[in-house]
1. Report, ordered by the first and then the second residue, all pairs with beta carbons closer than 8 Å, sequence separation of six or more or different chains, a first member in the stretch 52-73 that is farther than 16 Å from LEU161 by Cα and outside any helix (DSSP H, G or I), and a second member that is modelled with pLDDT under 85 and basic (Lys, Arg).
2. Here is a list of conditions, (1) part of a loop (DSSP other than H, G, I, E, B); (2) within 21 Å of LEU120 (Cβ to Cβ), and THR44 meets all of them except one; can you say which number that is?
3. Among the numbered criteria (1) at pLDDT 95 or above; (2) closer than 29 Å to ARG112 by Cβ; (3) out of contact with any Phe, Trp or Tyr (no Cβ under 9 Å at 6 or more places or on another chain), which one does ILE17 miss?
4. If you scan the stretch 47-62, which residues turn out to be under 14 Å from LEU13 (Cβ atoms) and either polar (S, T, N, Q) or touching a helix residue (DSSP H, G or I) at 6+ places or on another chain (Cβ under 8 Å) (or both)?
5. Considering the stretch 9-27 alone, what residues qualify as being hydrophobic (A, V, I, L, M, F, W, C), over 11 Å from ALA39 (Cα atoms) and under 20 Å from the mean Cα position of the chain (by Cα)?
Amino acid sequence: MSEPKSRRRGAELEQAILDAAWAELSELGYARFTVEGVAARAGTSKPVLYRRWKNRAELALAAWNQRVPAAKGVPDTGSLRTDMLAVFDRIALRTGSMMSGMIAGVMAEAFRHPEVAELLRSRLTQPSPLTEAVRTVVDRAVRRGELPPVEVPLRALRAPLDLVRNEYFMCGQTLDETTIAELVDEVYLPLLRGLRAG
């Protein structure tokens, strides 16, 4: 392998690696995605990558998370329903921009490698910008009197992402307005209203 192209360090080097990883994923897909390929494209070495990411799944997820940032701000339309429609719409746009083959590859890797399964599990069991946005929308609805005071567990806060992701993978296309409205009206709002009884 040729010598590294420059003495990049820190944030500059990490950005170059993540850009290279995204390019590899875009051109080759996850099945042919390798740490060696990313290192060569970034003009660095495999040990440099492994100091930051334990395996190719972690690197792929880091590249995607950085390339497709979460929408900024929390919807505040004055209504629980329209706030939730906006949340679901943002998730659908983000999911539609995701390379489903790459995510499917990471999921398949999880079945073969316990460390990858643990990575995915840890991401799912931690609060995230999305779960905090949903919590904020619910808290505002409580203050407006649309919902009684309610404690929303993490799984319920994560449910919008789970619902959209499941629909996307089952149908293989970006969700339209009708589908998003059905998920909000027929599934998520009833779920929130059901929590109050508990």
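1. none
2. The failed condition is (2).
3. Checking ILE17 against (1) at pLDDT 95 or above; (2) closer than 29 Å to ARG112 by Cβ; (3) out of contact with any Phe, Trp or Tyr (no Cβ under 9 Å at 6 or more places or on another chain), the one that fails is (3).
4. Correct list: VAL48, LEU49, TYR50, ARG52, TRP53, LEU59, ALA62.
5. Answer for the stretch 9-27, where residues must be hydrophobic (A, V, I, L, M, F, W, C), over 11 Å from ALA39 (Cα atoms) and under 20 Å from the mean Cα position of the chain (by Cα): TRP22, ALA23, LEU25.
The values are calculated or read from the model by the stated rules, or taken from the named source; none is laboratory data. Please read all numbers here as calculations on a predicted model, not as lab measurements. Positions of Cβ are generated from backbone atoms using ideal geometry, with glycine treated the same way; all protein chains shown enter the neighbour counts.
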